[in-house]
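Everything below concerns the one structure shown next.
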Amino acid sequence: MDLRSYLENIYIVPILIFSVVIHEMAHGWVALRCGDTTARDMGRLTLNPIPHIDFFGSILVPLLSILTTGRVFIAWAKPVPIDPGNFSHYKRDDTLVTAAGPFSNLITAFICSVFVILIHFIIVNFSVPESSMTFEFMNFIFKMFAYGIFLNVTLAIFNLLPVPPLDGSHIFAHLLPDEAAYRYRQIGFFGIFIILILFSYIPGFSKLFFRIIIFFTMPYLNFVEMFIPGFSGLYFS
């Protein structure tokens, strides 16, 4: 990819930052509803991206992904601080808090779908000239939200993988006997290496993962197709 291609893909950045911020805010918001004020007290219940940014997961990994593939497949923000000791029902509340992150991404994917439809309606019905700055801006926003569908489904499915420290590992741990759950959680940060091995060295894992992504993306695309015929073909071109 040349410099122009990189600049054309810059629309990925704002929707990526917004999506990971919403993900972490969802954890903190549900934790607050479950009695834990830690995230709120530490200023993490905010749309301001700065407190949420993780240099490695929010900047370096997405940047390398854009430079090499033109897309972002994996990204994350700083984990929201949670004190499970404040939960009245630990397993139930921790599961709800954990599931809130991926669920928020699925909701965000739907919101992106709605904005894609809305922007297309504005461009078509208000006859925005293709040579105008307004059209360029609307096209930028259109592409940003269109990609946001795929991005948010990817974030949701990736975070549900049952590998520590991803969200899915918390849910999976609660299904195990206490002793097994304790040993499972001890994998800790080494789970990052397990993820790298799965995607890089296990034959067929990446292909299966992206087939799952496409499967869960299709309902959103079918919804958009109701208002923008041929959108799926444009989306996958």
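The values are calculated or read from the model by the stated rules, or taken from the named source; none is laboratory data. Bear in mind that the values here come from a model prediction, so they are computed numbers and not experimental data. Cβ coordinates were reconstructed from backbone atoms using ideal geometry, including for glycine residues, and neighbour counts include every protein chain displayed.
Overview of values
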| item | result |
| --- | --- |
| Evaluation of Lys91 against (1) in a helix (DSSP H, G or I); (2) within 29 Å of Phe56 (Cβ to Cβ); (3) in contact (Cβ under 8 Å) with a residue 60 or more places away in the chain (one fails), failing number | (2) |
| Selected residue [among the β-branched types (Val, Ile, Thr), at pLDDT 95 or above, assigned to a helix (DSSP H, G or I) and out of contact with any helix residue (DSSP H, G or I) (no Cβ under 7 Å at 6 or more places or on another chain)] from Ile149, Ile111 | Ile111 |
| Criterion (part of a helix (DSSP H, G or I) and either more than 19 Å from the chain's Cα centre (by Cα) or over 30 Å from Ile117 (Cα atoms) (or both)) met by exactly one of Ala180, Ala156 | Ala180 |
| Lone unmet requirement of (1) of a type outside the set (Ser, Thr, Tyr); (2) without any contact (Cβ under 8 Å) to a residue 24 or more places away in the chain; (3) under 18 Å from Leu106 (Cβ atoms); (4) part of a loop (DSSP other than H, G, I, E, B) for Leu161 | (2) |
| Identity of the residue in the stretch 106-132, of a type in the set (Gly, Ala, Ser) and surrounded by 10 or more Cβ atoms within 10 Å (Cβ to Cβ), that ends up nearest to Glu24 (Cα to Cα) | Ala109 |
| Conditions (1) within 21 Å of Phe172 (Cβ to Cβ); (2) surrounded by fewer than 17 Cβ atoms within 10 Å (Cβ to Cβ); (3) touching a residue at least 60 places away in the same chain (Cβ under 8 Å); (4) touching a Phe, Trp or Tyr at 6+ places or on another chain (Cβ under 9 Å): number failed by Ala100 | (2) |
| Among the candidates Phe209, Phe223, Phe227, residue that is within 14 Å of Ile157 (Cα to Cα), surrounded by 14 or more Cβ atoms within 10 Å (Cβ to Cβ), aromatic (Phe, Trp, Tyr) and touching a helix residue (DSSP H, G or I) at 6+ places or on another chain (Cβ under 8 Å) | Phe209 |
